[in-house]
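Data first, discussion second: the structure below is written as structure tokens.
The values are calculated or read from the model by the stated rules, or taken from the named source; none is laboratory data. Computed from a prediction, not measured in an experiment: that's the story for all the values here. Every residue, glycine among them, receives a Cβ derived from its backbone with ideal geometry; neighbour counts consider all protein chains shown. What goes into the accessible areas is simple: the full protein's heavy atoms, side chains included, and nothing from ligands, DNA or RNA. Shrake-Rupley method; radii C 1.70, N 1.55, O 1.52, S 1.80 Å.
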Amino acid sequence: MTETIKECSPQQANTLKEQGWALIDVRSFGEWSSVHAQDAKNLPLDQISEDALAKMAGSCKQLLLICNS
């Protein structure tokens, strides 16, 4: 089953992370470097592919993509 979450608070994101979701930050490396969620991995939007997402997610089946807007 696929769950779609359009928007969530930082607290909700933390809860999802604790439930095993992978946090993928799609902002540029510079934006990610300045501040990012704990345990979030950086995969800039212009580098996203199905293979890249699978590699970043590892064994996690659910992904939460983090952006600036």
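Scanning the range 44-59 for residues being touching a Phe, Trp or Tyr at 6+ places or on another chain (Cβ under 9 Å) and closer than 20 Å to residue 7 by Cβ gives a total of 0.
Just a yes or no: is a residue in the range 30-42 in a strand (DSSP E or B) and either modelled with pLDDT under 90 or open to solvent by less than 100 Å² (accessible area, probe 1.4 Å) (or both)? Scanning the range 30-42, I find at least one residue that is in a strand (DSSP E or B) and either modelled with pLDDT under 90 or open to solvent by less than 100 Å² (accessible area, probe 1.4 Å) (or both), so the answer is yes.
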